[in-house]
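K.L.:
So that we are looking at the same thing, I have put the structure below in structure tokens.
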Amino acid sequence: MSDRTSTPLSKTNSMVRWLQAIVMYLVLLPLNLYTAFMEWPELKYGDYKPPSILFVRFVSAPLRWLLPLQDEGMEEVINIIKQNPKQKLIFIGNHLIYGLDVVFLVIHIYLETGIYLRGIADTFHFQIPIHKHLVQWFGGVKGTVENCTKLMEAGQPILILPGGAEEVVKDSRIPPYTLIWKDRTGFAKLSVKHGYKIVPYGIVGLEDMVVHAFSIPLKPFFAILGDHRSKDKVFNPAAHKTSIPPPVPDMRLPVIYPYLSFQKSYLVFGEIVDASEYDLDDIESIYALRNRVRNEVETSIRKGRQIQFVDPQRYLWRRVLGI
């Protein structure tokens, strides 16, 4: 007669096998989900059709009431579009923490001018499942020279934020609205090559509505995604003499919470620059264009701050109470 009684050792082995199975499941499930989501089909750059203005106006109404955007200098942009509806325009400005500016900017430009900006997004957006598809559904395009070239050859209106991820993850060490363009000239070269007019702008307000709690090093995150920013880098010693190095040597993810001071944002446009006046084959000419646009953006940010400080209707509670 066989002994069916389980020994303590067999029970232990069984528990170990169950624990191994659970651990493998917990490890493999996220990996399988990541793979599955990343394999979802991507939109081709030319397949995108923006939603109707009426739909955007209706859906965004609560947001625009709670956090309105006041502009200055929009008339010149509208006049250029009226004079030539096919005018090729590229909007260049500052990037706010967590990219909070993009939705407000794209909606406002669309409702005011009828043009829907195609945002050129940092490549790391397209390494995050689901998020990359949301970026595409809102018209975003992976930031490669090839994609930018295709959009520009088609004459589409474009939004490029030269500060990229560095400005998105500004932590408490970096003053609000700081430009971190480093030695970048890509937008200038592409604008000259494809005959675009550059619309510089500065936007302020949203970074005054959040408080920094603490920050987290981003190197491990970039390492997981296989991003080159996981490696220590110093400012390019061969950078142009007019290029400004980043204010801090590393990138950290700021953890923020709302300040509960709902207020306006201010969008100020600078002088529109015709890139065709510059020489693509002359590197000094390209840097001159980059610097001119950067100065226009910085001036627009300062003007926005000045308007913000004296606006009696800046805060929501003042608008609600009518004081």
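Rule-based calculations on the coordinates, nothing more; no lab input. None of the values given here were measured: they were computed from a predicted structure. Backbone-built Cβ (ideal geometry, glycine too); neighbour counts: all protein chains shown.
K.L.:
Per residue of segment 68-73, what does 6.51 cos²θ - 1.76 cosθ + 1.60 with θ = phi - 60° give for ³J(HN,Hα)? Whole Hz please, x for Gly and Pro, Karplus curve as stated.
P.N.:
In residue order, the calculated couplings are x, 10, 9, 10, 9, x Hz.
K.L.:
Another question about this same structure. Quick check: pseudo-label points 7 Å beyond the Cα along Cα→Cβ at V103 and E153, how many nm apart are they?
P.N.:
According to this spin-label approximation, the distance is 3.4 nm.
K.L.:
Return the sequence-ordered ³J(HN,Hα) values of segment 146-158 in whole Hz as given by the Karplus equation 6.51 cos²θ - 1.76 cosθ + 1.60 applied to θ = phi - 60°, using x for Gly and Pro.
P.N.:
Listing the rounded values in order: 4, 5, 4, 4, 5, 5, 6, 5, 7, x, 7, x, 10 Hz.
K.L.:
For I97, I90, what ranking results if the residue with the fewest other Cβ atoms within 10 Å of its Cβ goes first?
P.N.:
Result, fewest neighbours first: I97, I90.
K.L.:
OK, next. According to the square roots a ≥ b ≥ c of the eigenvalues of the Cα gyration tensor, what is the shape class of segment 50-321, taking rounded for a/c under 1.5, prolate for a/b larger than b/c otherwise, and oblate for the remainder?
P.N.:
The shape class here is rounded.
K.L.:
Residues in segment 147-172, backbone N under 14 Å from the label point at H212 (7 Å along the Cα-to-beta-carbon vector): list them, ranges by number please.
P.N.:
Residues 166-172 fall inside that zone.
K.L.:
How many angstrom lie between the C-alpha centres of segment 57-125 and segment 133-149?
P.N.:
Spelled out, the Cα-based centre of one part sits 16 Å from the other.
K.L.:
Still on this structure, I have one more. Can you tell me the dipole magnitude for segment 50-321 around its Cα centre, using point charges on the Cβ only (Lys, Arg +1; Asp, Glu -1), in Debye to the nearest 20?
P.N.:
Charge dipole of segment 50-321: 540 debye, to the nearest 20.
K.L.:
Contour minus end-to-end for L66 and L134, with contour as 0.36 nm per residue of separation and end-to-end as the Cα-Cα distance?
P.N.:
Stretched out fully, the L66 to L134 stretch lengthens by 22.1 nm.
K.L.:
Amide H to amide H under 5 Å from S215: which residues, 5+ apart in sequence or cross-chain, H placed 1.01 Å off N in plane?
P.N.:
V255
K.L.:
With labels modelled as points extended 7 Å from the Cα through the Cβ direction, what inter-label distance (nm, one decimal) is found for R173 paired with E284?
P.N.:
About 3.6 nm separates the two model spin labels.
K.L.:
Given H placed on each backbone N at 1.01 Å, which residues far from D71 in sequence or on other chains put an amide H within less than 5 Å of it?
P.N.:
For D71, whose amide H was placed from the backbone, the distant partners under 5 Å are L267.
K.L.:
Sticking with this one: Provide the percentage of antiparallel DSSP beta bridges, counting only those with both residues in segment 50-321; round to the nearest 5.
P.N.:
Percentage antiparallel, nearest 5: 50.
K.L.:
What does the charge count around Y201 come to, taking other residues whose C-beta lies under 15 Å from its C-beta (Lys +1, Arg +1, Asp -1, Glu -1)?
P.N.:
-4
K.L.:
Here's another thing I want to ask about it. Please give, to one decimal in nm, the separation of the simple spin-label points placed at Q127 and F221, each 7 Å out from Cα toward the Cβ.
P.N.:
Placing both labels 7 Å beyond Cα along the Cβ direction yields 1.2 nm.
K.L.:
Can you compute the FRET efficiency between R302 and E75 using 1/(1 + (r/R0)^6), with r the Cβ-Cβ distance and R0 = 22 Å? Round to the nearest 0.05.
P.N.:
Approximately 0.60, to the nearest 0.05.
K.L.:
Among L316, L289, L179, rank each residue by its count of other Cβ atoms within 10 Å, from fewest to most, as a rough exposure measure.
P.N.:
The fewest-first ordering by Cβ neighbours comes to L316, L179, L289.
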